[in-house]
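Encoded as structure tokens, the structure appears first; notes follow it.
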Amino acid sequence: MKYRRLGRTGIDVSLLCLGSMNWGSRNTEAEGHEQMDAAFDRGVNFIDTAEMYAVPVGAETYGRSEEVIGAWMKARGNRDKAVVATKVAGPGEHLRHIRDGKPRLDKWHIDRAIEGSLGRLRTDYVDLYQLHWPDRETNYFGQLGYQHPETDDSVPLEDTLGALADLVTEGKVRHIGVSNETPWGTMKLIHFSETMGLPRIVSNQNPYSLLNRSFEAGCAEIAMREQVGLLAYAPMAAGALSGKYLGGVRPAGARMTLHPDNRRYLGPPNAGPATRAYVELAREHGLDPGVMALAWCNRQPFMTSTIMGATTMEQLMADLASVDIELDDDLCAGIEEIHKRYTYPCP
């Protein structure tokens, strides 16, 4: 395993982070424990979760992934060996089961969210506490263009940062980060930390893959210059970059088979052609397409950790193998040529 520094902290995290959003839904607790055992045996020390997991999101799955992780850490007695990241949910009409259906990123909601997460995780602190998405209306979750809202009742960023600062002071959170955040939001939070003496964000968990390189357009420079590195989610584009959905195939039990309304990586016009091009390139070079997709993410200099998700042990083993794959110059040139033809096919 390889390791990279988490922001300006003294923590080194594994280049591959184990995602947990299937534990408690598509995966049983025992299967989640098996995945964590296998990953940690191979050098992974980083687990990512969220209060709203498992998926699909709902009252019956809320908090289940954290519970699976908490039970595993208690059974193994290894809390000190795991770097645990979780997230507080922002506003969303689909979250009727979270805090009376009105979650916000203010102190009242953040305080209640962290207490719930700590209880489910069976710990008295989390290593990285992230804002799952902004409280304000902005361009994230597949939206490239920005449309300024006519009215803005969002929680001020400095108030959110102040609430997180209290958790750090209380020892409930070691470090803080963001997710699905824009360059403006990232830099404003850094500004407030510097001018108000508040904790500094150490990471930005955004989508990043061969099908969505929008992070490079603004956030990558911030990641490098400000040491707010990327924690990449959906590096295989929800499994699309494995090639298993090409030609309209829907394998039994696969995510897009079970949840056909999730069209982020299948619906856009260039999604299929771009995916096919990357899959064919990988096979031309004797590589598994999914492993190539992960290996390409791993090599990016602004990457802190690539979040891998698996439902089977076979998938997990393939994901773990990506850390040892070195992509040659010819293959990388081929990736760039495809990117020129199909730029941001799935933002």
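For region 60-75 versus region 260-327, the spacing of their alpha-carbon centroids is 27 Å. Axis angle, to the nearest 10 degrees, between helix 107-121 and the longest C-alpha principal axis of the chain: 60 degrees. Helix 157-170 axis versus longest C-alpha principal axis of the chain: approximately 70°, rounded to the nearest ten. So how tilted is helix 29-41 from the main axis of the chain? Cα-based, degrees 0 to 90, rounded to 10. Rounded to the nearest ten degrees, it is 80.
Summarising the amide proton neighbourhood of residue 3: residues at separation of 5 or more, or on other chains, whose placed amide H is nearer than 5 Å comprise 15.
Projecting the alpha carbon convex hull of the chain along each direction and taking the average yields 16.6 nm². Length gained on full extension, residue 325 to residue 257: 21.5 nm, using 0.36 nm per residue less the C-alpha separation. The length gained on full extension between residue 74 and residue 299, counted as 0.36 nm times the residue separation minus their Cα-Cα distance, comes to 77.6 nm. Rounded to the nearest 0.05, the FRET efficiency derived from the C-beta distance between residue 317 and residue 170 at R0 = 41 Å is 0.55.
Of all lysines in the structure, the ones whose alpha carbon falls short of 24 Å from that of residue 81, not counting any fewer than 8 places away in one chain, are 2, 172. Relative to the Cα centre, the charge distribution of region 208-288, modelled as +1 at Lys and Arg Cβ and -1 at Asp and Glu Cβ, gives a dipole magnitude of about 320 debye. What you get for the chain, charging only the Cβ of Lys and Arg (+1) and of Asp and Glu (-1), is a dipole of about 300 debye around the Cα centre. A full extension of the chain between residue 107 and residue 124 corresponds to an added length of 4.3 nm, given 0.36 nm per residue minus the alpha carbon distance. Largest GNM mean-square fluctuation across 219, 332, 297, computed for the chain with C-alpha springs under 10 Å, falls on 332. For a paramagnetic label modelled on residue 29 (point 7 Å from Cα along Cα→Cβ), amide N atoms under 17 Å away belong, within region 38-59, to 53-55. Counting only DSSP H runs of at least 4 residues, each contributing -39500 (n - 2.57), and dividing by the residue count of the chain, the helix-based mean residue ellipticity at 222 nm comes to -11000 deg cm²/dmol.
Quick note: the coordinates plus some simple rules give every number you see, no bench work behind them. Just so we're clear, the structure is a prediction, and the values are computed from it rather than from any experiment. Here the Cβ is made from the backbone with ideal geometry for all residues, glycine too, and neighbour counts use every protein chain on show.
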